[in-house]
1. Please count how many residues of segment 1-19 are exposed (fewer than 15 other Cβ atoms within 10 Å of the Cβ) and touching a Leu at 6+ places or on another chain (Cβ under 6 Å).
2. Can you name the number of the only condition in (1) modelled with pLDDT under 90; (2) out of contact with any Asp or Glu (no Cβ under 8 Å at 6 or more places or on another chain); (3) outside any helix (DSSP H, G or I) that Val175 fails?
3. Go through segment 33-55 and count every residue that is hydroxyl-bearing (Ser, Thr, Tyr) and touching an Asp or Glu at 6+ places or on another chain (Cβ under 6 Å).
4. Quick one: is Gly60 farther than 27 Å from Asn155 by Cβ and either modelled with pLDDT under 90 or small (Gly, Ala, Ser) (or both)?
5. Do we have any residue at all in segment 216-223 that's surrounded by fewer than 16 Cβ atoms within 10 Å (Cβ to Cβ) and either β-branched (Val, Ile, Thr) or out of contact with any strand residue (DSSP E or B) (no Cβ under 9 Å at 6 or more places or on another chain) (or both)?
6. Being at pLDDT 85 or above, closer than 22 Å to Phe26 by Cα and not in a helix (DSSP H, G or I) is the filter here, so list the residues in segment 178-198 that pass it.
7. Looking only at residues in segment 108-125 that are under 16 Å from Met142 (Cβ atoms) and hydrophobic (A, V, I, L, M, F, W, C), which one is surrounded by the fewest Cβ atoms within 10 Å (Cβ to Cβ)?
Amino acid sequence: MIEINEVTKKFQDKKVFVTALKHVSFSVKKGQIVGLLGENGAGKTTLLRTIATLLTPTEGSVSVGGYDTVKNPDEIKRKIGVLFGGETGLYDRLTARENLEYFAALYGLSKHETKVRIDDLAKMFGMKDYLNRKVGGFSKGMRQKVAIARTLIHNPEIILFDEPTTGLDITSSNVFRQLVHQLKREGKTIIFSSHIMEEVSMLCDTVAMIHKGELVHHGNLEQLYKSEGSRDLNYIFMSKLVRGNDYYAS
């Protein structure tokens, strides 16, 4: 479903090149939920942006659903839903409903499909009370709910979440987790980054750990617990960072 092959990404900062990703390779099968773990600045968001066709690899390649991210970006954009932390992509002067209608139109949904999707998502996230209010006055949590709904409005096959529960209260976070389980039952493929180890343990069947732009681990979560002799994902994560990619497992 997603093939990441020897991806390196470099950025130029004045006269200095900064390497954000270093020869990262792994694959994601259809229906998998992959937790992307790493410290701030490790390269998680760069990797997600590359998968989403928003960045071009300096070296290597990424394919999504059989399409190359550089050669066929439009094909991929129709298949994916993307939410990046801190970037809701919403228009403050529009209501929550108008925002969702706008993005639905971009994906070619009919008026009937749009209404059904908005009603379903509003019910799921408890947004009915403020669906017709302008987004500019929303709290961070309210904006995040609408942003997640925007990500899902076109019922994408592949979903990329960057810190999706940022700003959500406990109840809303639990609703999001239930949503992920539902999406998995529907056969959706999901990659999401998170600093909340409990969230990753609850939702993911596979984890990918990145440290300073390098992949230090990718594999099945239960197998990882067994090989490490522990179910403390925070401890395992820190241990992997110390040991580095000499212990990489796929």
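1. The qualifying residues number 0.
2. Going through (1) modelled with pLDDT under 90; (2) out of contact with any Asp or Glu (no Cβ under 8 Å at 6 or more places or on another chain); (3) outside any helix (DSSP H, G or I) one by one, Val175 breaks only (3).
3. Of segment 33-55, the ones hydroxyl-bearing (Ser, Thr, Tyr) are 45-46, 50, 53.
Those still in the list that are touching an Asp or Glu at 6+ places or on another chain (Cβ under 6 Å) too: 45.
Qualifying residue count for the region: 1.
4. On the way: farther than 27 Å from Asn155 by Cβ: yes; either modelled with pLDDT under 90 or small (Gly, Ala, Ser) (or both): yes.
Yes, satisfied.
5. Filtering segment 216-223 down to residues surrounded by fewer than 16 Cβ atoms within 10 Å (Cβ to Cβ) leaves 222-223.
Narrowing the set further to residues that are either β-branched (Val, Ile, Thr) or out of contact with any strand residue (DSSP E or B) (no Cβ under 9 Å at 6 or more places or on another chain) (or both) leaves 222-223.
Yes, there is a match, as at least one residue in segment 216-223 is surrounded by fewer than 16 Cβ atoms within 10 Å (Cβ to Cβ) and either β-branched (Val, Ile, Thr) or out of contact with any strand residue (DSSP E or B) (no Cβ under 9 Å at 6 or more places or on another chain) (or both).
6. Selection gives Gly187, Lys188, Thr189, Ile190, Ile191, Phe192, Ser193, Ser194.
7. Here is the first cut: in segment 108-125, the ones under 16 Å from Met142 (Cβ atoms) are 118, 121-125.
Of the ones still in play, those that are also hydrophobic (A, V, I, L, M, F, W, C) are 118, 121-122, 124-125.
On the way: Ile118: 21, Leu121: 22, Ala122: 20, Met124: 17, Phe125: 21.
Of everything passing the filter in segment 108-125, Met124 is surrounded by the fewest Cβ atoms within 10 Å (Cβ to Cβ).
This table checks each residue for (1) surrounded by fewer than 15 Cβ atoms within 10 Å (Cβ to Cβ); (2) more than 16 Å from the chain's Cα centre (by Cα); (3) at pLDDT below 90.
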| position | (1), (2), (3) |
| --- | --- |
| Gly86 | yes, no, yes |
| Asp92 | yes, yes, no |
| Phe103 | no, yes, no |
| Leu106 | yes, yes, no |
| Tyr130 | no, yes, no |
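The values are calculated or read from the model by the stated rules, or taken from the named source; none is laboratory data. Values in this document were obtained by computation on a predicted structure and should not be read as measured data. Virtual Cβ from ideal backbone geometry, glycine too; neighbours counted across all protein chains shown.
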